[in-house]
Structure formats: C-alpha cells, structure tokens
Amino acid sequence: MKRNLLILTFLLLAPLALLHAAEPVTPKGFRAIFNGRDLAGWYGLNPHSVVKLQGEKREAHLKKQREEFANHWRVENGELVNAGTGPYATTEEEFGNIELFIEYKTVPKADSGIYLRGTPQVQIWDKNQIFDPKKPTRKPHLGSGGLFNNTPDAPGRDPLVLADKPFGEWNAFRIRQVGARTWVWLNNKLVVDGAVMENFWDRTKPLPAKGPIMLQTHGGDIRWRNLFVRDIPADEASRLLREVEGAKK
C-alpha cells in the first residue's frame, strides 16, 4: 500500500518538477525571450536562402521555412535544441540596443553563431580545429565570440582571447549591441571590445537599427538555454557610444 502511494505521489509531482525545471529564472532587469517549454515567439528562417529571391518566390520560400521550423527544432529539458539542420531559430520580435545573455553547448566540428538584428554574426567555433594556411581568414583555433562576418583583419573579426570551455560544458555569452557597436563576453572574458559590426548584407550601409535575434544551425548538434534580453535605454546607449568612440580616437 505504501509503495503504491509513493508511486502515485511521484507520478503526480513529476510533471510539476519538469515544468519548474524548464522555467527560466530571469535576472533582474532582463526578460526571457525563450520560455523553456515550446517554440512560441520563434520561427524558422535562413536569410541566406532568400536574400536574392523576390516576389512570390520569396514569399513561398519564407512560408516553407516557417512550416518546417518545428521539424528541425525542439524543446528538451528547458533547452532549445537543433541537430544541425533546417532554418535558423529566429525571434518574432525585433530588437535594437540590447544586452543579451545566452548559454549554448555544442559538439566537435559544429559551426554556429548568433545573428544580431538579423545580421551575421557572433561566431561559435570548434576551437580544436587546426588552422589551415590555405584559408588564412578562417581561424577557429582562436575561439568563439568574434564578429566573423566583418571584413578580415577588421576590429572584432577575431576574439581577443580564447575563452571556450571544453565540449560537454555550457558556454555563456553576454553580448551588448548599441548602434553598430558590439561587445562580447564569453564565459566572463571580454572577446570583442566595442567593435563596429558591419552590415553583411550591404557593407555600404550602416547596421539596421532593429532586427531579430537568430540562432544559426550549421554542421552539428547545438543546445541553447537561458535566453534573456535587457533593452538599453537611450541615455545609457548614448553614454556607451560616447565612451567607446572617445576611447577609439
């Protein structure tokens, strides 16, 4: 009888425990952009696949990616999970000046990144890859966090220090985006210090004022958790820009 009661109690409480584990604990001043339970607020988009399309072809392709999104992405134990296939996880909401906290865990030989304002990207590498002199601008051995789609040798293109944790452990990004300036901390180490993020889609134009956050999937399993955003008010944004632009002179 006691054994049956214990089993019944476990069955009743287990779903509550799982729900509690999936709920993100939001830091003060931030808000969660992933609820840890489902794909609400996100859709599928690989912008590279539609950038040259127009009209009906573009709309049809965008619709197809939205429909395929849930076939490639899933929620598991409060984590946003992808096996390295399909369109990128893209926020329905668009963001301007923000501070972003996000954790990820990936696998060897995977290649991923975080698009800010829909623009590539804060890079995620497999740091164990060997540098290939035939590809001199590709430097995974320097680690993750750099603005890989900036012009080669431009400030921020490569991270200032190697900060990646070993595979199997969670890595934590803190990213600040103000205007076109980007700061990146990886595992509490500064890897990009107020560098200008170039507009990959048209380098003659400035970075868009707003756009979605996109989580790239490319080459292997990746997991994301604890996604939080703080909107930076105008006075703070102005102060940060004055400080960094003064320091760069």
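Throughout, read-outs are computed from the coordinates displayed, never taken from laboratory work. Quantities reported herein were computed from a predicted structural model and do not represent experimental measurements. Ideal geometry is used to build each Cβ from the backbone, glycine not excepted, and the neighbour counts take in all protein chains shown.
Here Lys205 is the anchor, and the lysines within straight C-alpha reach of less than 26 Å, apart from those fewer than 8 places off in the same chain, are Lys52, Lys57, Lys248, Lys249. Using alpha-carbon positions, what is the distance between the centroids of the stretch 166-239 and the stretch 105-126, in Å? Going from one Cα centre to the other spans 10 Å.
So, R0 is 30 Å and r is the distance between the beta-carbons of Lys57 and Glu92; what FRET efficiency does that work out to, to 0.05? So, using R0 = 30 Å, E works out to roughly 0.85.
Helix 234-248 and the longest principal axis of the C-alpha atoms of the chain enclose an angle of approximately 50°.
Looking only at the stretch 53-83, which residues have a backbone nitrogen under 19 Å from a spot 7 Å from the Cα of Trp170 in the C-beta direction? Flagged as within label range: 74-83. Applying both filters, DSSP loop and at most 16 other Cβ atoms within 10 Å, to the chymotrypsin sites (Phe, Trp or Tyr not before Pro) of the stretch 175-249 gives Trp201. Using just its DSSP H runs of length 4 or more, each adding -39500 (n - 2.57), the chain gives a mean residue ellipticity at 222 nm of -7500 deg cm²/dmol after division by all residues. Phi angles of the stretch 45-60 translate, via the Karplus equation with coefficients 6.51, -1.76, 1.60 and θ = phi - 60°, into HN-Hα couplings of 7, 9, x, 5, 7, 10, 4, 9, 8, 9, x, 5, 4, 5, 4, 5 Hz per residue; Gly and Pro are given as x.
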